[in-house]
Amino acid sequence: MKLLPTPEQAAALQATLRMVNQAANHVSKVAFERNTRRHYDLRKLTYANVREEFALAAQAAQHAIKKVADAYTSLRSNIRAGNLGPEGSPRRAKAESKPITFGPDAAKPYDDRCLSWNHDARTLSIWTTAGRLRNMAFTGSPDQLKMLTAHRKGESDLIHRDGMWFLYATCDLPDVQVLDPVGFVCVDLGIANFATTSDGTLYAGKTLNAVRHRHRELRRRLQARNTKSAKRLLKRRFRKEARFAADANHVISKRIVTEAKRTGRGISLEDLSGIRDRVRLRKPQRVTLHSWSFHQLGSFIAYKAAGQGVPLVYVDSACTSRECSTCGHVDKKNRPDQATFSCTSCGFAEHADVNAARNIASRGATGWAVSHAA
Ligand SMILES: [Zn+2]
């Protein structure tokens with residue numbers, strides 16, 4: 001939801017974010033120095049101090065502490081998953097050598113005690129360090145407003161971005177009965193074609209890749225300038241590219257889920273943990289790959305499928321590009337180049353991505369049968 005605060009209200013929101021993030025930085029420093037990362041211990045150690053020194057209400061103080069504990073938890077799991085490189089790598093060493101810090105505009109979570117919505121008047125009441133602000137107007141698309149009224153549940157995050165204020169409200173949708181599939185449509189994720197289904201539909205990434213390329217060039221020039229305004233522009237560029245990619249991912253995932261539902265089939269998706277190993281790339285491409293886009297497409301497909309009752313299975317993607325979807329023959333030579341699949345055993349030929357997608361589809365059906373027998 002986009003907030004429409006008056007200038008005074010906006011100033012109060014700004015002061016609140018600043019104060020809460022100062023408090024979080026204080027807590028983070030204590031967590032680091034005392035080597036205390038657990039939420040409960042951290043609260044015992046810092047709660048009284050945070051309330052007094054930063055003049056925060058009870059809820060706000062607890063939220064600031066929880067935010068810090070959560071940040072350390074996700075840092076730990078990122079390190080464990082190897083996302084910051086192996087032990088001793090510079091990135092990992094840097095992350096472990098100092099407390100986590102929060103910028104003055106970092107998001108702040110709100111629960112129902114500090115934030116209440118008036119759907120009819122389209123206003124809300126929100127806690128700030130300047131007291132409770134009432135009658136703050138908000139707006140959203142008709143679909144978003146409908147969803148908010150019917151399903152909002154849980155925390156909302158207050159976000160300040162490019163001079164605008166937003167609340168990201170969590171919505172909890174009821175489970176939909178999962179259909180019994182007559183088969184599986186498979187989705188193979190790639191670089192040149194973002195998604196390929198076993199029906200032979202290719203969702204080309206040409207436009208998006210062109211946009212990315214343009215952004216990358218721009219980034220390089222801005223980075224070379226290395227000034228404060230260049231950094232700000234860079235950030236804005238990055239978010240623009242991210243929104244563009246998210247939009248493309250929404251369109252693709254919606255089409256795939258709609259088609260599966262229409263034909264009564266489930267979706268099999270390759271297990272994304274292996275994708276970085278599978279797709280070998282030249283360096284500049286690697287940057288875009290690591291930028292979460294694949295993972296996002298996978299997660300969009302997953303939540304849209306769940307909302308439609310379309311079953312989803314994850315399958316191991318090993319060898320799918322080398323295996324013949326007709327006879328099962330596995331050979332590196334089956335794939336003479338990026339786009340071509342040509343079986344050296346039975347002579348079957350198809351677009352390489354379509355062949356891979358068929359393999360994943362049949363593995364999906366097997367996986368579904370096994371899990372349901374169990
Ligand atoms: Zn074959």
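No value in this document is a laboratory result; all are computed from the given coordinates. Computed from a prediction, not measured in an experiment: that's the story for all the values here. Heads up, the Cβs are rebuilt from the backbone with ideal geometry, glycines too, and the neighbour counts pull from every protein chain shown.
Observations on the model:
- The packing ranking of peptides 212-220, 320-328, highest mean first, is 320-328, 212-220, where packing means the average number of other beta carbon atoms within 10 angstrom of each residue.
- When +1 charges are put on Lys and Arg Cβ atoms and -1 charges on Asp and Glu Cβ atoms, the dipole computed for segment 1-120 relative to its Cα centre reaches about 560 debye.
- Fraction of the pair-distance distribution of segment 1-143 above 17 Å, Cα-Cα pairs, percent: 65 percent
- Peptides 66-72, 86-92, 243-249, ordered by how many other C-beta atoms sit within 10 Å of their residues on average, highest first, read 66-72, 243-249, 86-92.
- A Förster radius of 25 Å, combined with the Cβ-Cβ distance separating Arg34 from Asp111, puts the computed FRET efficiency at roughly 0.40.
- Label positions at Ala11 and Arg134, each projected 7 Å from the Cα along the C-beta direction, are separated by 2.1 nm.
- Model label points for Lys153 and Ala306, set 7 angstrom from Cα along the Cα-to-Cβ axis, are 1.2 nm apart.
- Basic side chains Lys and Arg get +1 at the Cβ, acidic Asp and Glu get -1 at the Cβ, and with that the dipole of the chain about its Cα centre reaches some 1780 debye.
- Positive-end extreme of charge dipole, segment 185-270 - chosen from Val211, Thr201, Ala230 (charges on Cβ): Ala230
- Modelled this way, with points 7 Å down the Cα-to-C-beta line, the labels at Asp337 and His250 are 3.7 nm from one another.
- Given Lys67/Lys153; Lys66/Lys153; Lys66/Lys98; Lys2/Lys254; Lys108/Lys153; Lys44/Lys94, the pairs whose alpha carbons are separated by over 21 Å: Lys2/Lys254; Lys44/Lys94
- Highest to lowest packing among 332-342, 254-264, 348-358, scored as the average C-beta count within 10 Å: 348-358, 254-264, 332-342
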